[in-house]
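These notes are about the structure you will find just below.
The values are calculated or read from the model by the stated rules, or taken from the named source; none is laboratory data. Please read these numbers as outputs of a predicted model, since none were measured by experiment. A quick note on method: Cβ atoms are made from the backbone with ideal geometry, for glycine too, and the neighbour counts reach across all protein chains shown.
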Amino acid sequence: MSTSDTQQQVEVDSKSASAIASKLRHHPELKQRKGLFENRQVEFFKYKRFIRSLNSPEYTKLSSSNFTLYPPIESDLDAKQIFIGLIKQQLIVPCIKLHHDELKEHNLAPNKDFPQFLLSNRALLQPDEYYIWNYNPKSFMDYLIVFGICSGVLTLVCYPLWPLKMRLGVYYLSYGVLGLLLAFLILALLRLFIYLLTLPVFTTEGGFWLFPNLFEDCSVLDSFKPLYGFGDKQCYSSVKKLKKKKKRDLQNLTKKHN
């Protein structure tokens, strides 16, 4: 069979491309990670990883049961043609991973957690070339959230039709929520006042904090742990940075020994 015949045999229309993307979107062979593209979070992978997912037993089983939606993979060229079909349908986008020194050239701020990507004008289909997903199907949780929002709005609209006991319950509940917000505001002002008052006294420690993790990026229970602290050393973010530093130092030490 000639190369042209093989190219004509593998055809990926919009329906087939969507079906393939849906099945391989979270395939373990992709080993996809999160990055930033146009200031939004995306998932990226390498070209060779996608080819491996097409050659996986899961896709082979899909192809044997429905070869019209999932074209069979008989050669590397077949897998390449399917990948090109997904690019043509704009479900997959070629991209370039930027290094730290390249970020300033494109007016992008460095991000410690996620690598940055730029759109590539061409897809070379090289093994280590990066691609990002432009396909994010709705999950069951998304539909559940929409249903919950619609139900909540409809419930509030029908408030005049509620029984008297339910309306009284909501009325008193709103006062309870307002009281909690007021108590939180008073606590925030009180801890700030105590900190400023004790700052000249505990100069080396850095001032006394009541609930040092109150405004840290952590869980609700961890926000009230510990009860008190001095300076920023016991804050959740500082402890987290210290753990990362120790882990990084340990990795560097291991590399030196190896």
Exactly one of GLU74, GLU58, GLU29, GLU43 is farther than 25 Å from LYS138 by Cβ and of a type outside the set (Gly, Ala, Ser), and that residue is GLU74
Filtering segment 69-124 for residues that are under 21 Å from the mean Cα position of the chain (by Cα) and charged (D, E, K, R) leaves a count of 3
*Inspect segment 38-54 for any residue being hydroxyl-bearing (Ser, Thr, Tyr) and touching a strand residue (DSSP E or B) at 6+ places or on another chain (Cβ under 7 Å) and give the result as yes or no.*
yes
THR203 passes all but one of the listed conditions (1) outside the structural domain of PHE230 (by TED's automatic domain parsing); (2) farther than 30 Å from ALA19 by Cα; the exception is number (1)
Answer with yes or no whether ALA123 is assigned to a helix (DSSP H, G or I), among the small types (Gly, Ala, Ser) and touching a residue at least 24 places away in the same chain (Cβ under 8 Å).
no
All conditions in (1) surrounded by 19 or more Cβ atoms within 10 Å (Cβ to Cβ); (2) on the phi > 0 side of the Ramachandran plot are true of GLY35 except (2)
Per the filter on segment 9-31, residues among the aliphatic types (A, V, I, L, M) and touching a strand residue (DSSP E or B) at 6+ places or on another chain (Cβ under 8 Å) are ALA21, LEU30
Exception for ARG191 within (1) assigned to a loop (DSSP other than H, G, I, E, B); (2) in contact (Cβ under 8 Å) with a residue 12 or more places away in the chain falls at (1)
Counting only residues that are surrounded by fewer than 13 Cβ atoms within 10 Å (Cβ to Cβ) and under 18 Å from SER14 (Cα atoms), segment 56-84 contains a total of 3
Restricting segment 126-155 to residues that are assigned to a strand (DSSP E or B) and among the hydroxyl-bearing types (Ser, Thr, Tyr), the one surrounded by the fewest Cβ atoms within 10 Å (Cβ to Cβ) turns out to be TYR130
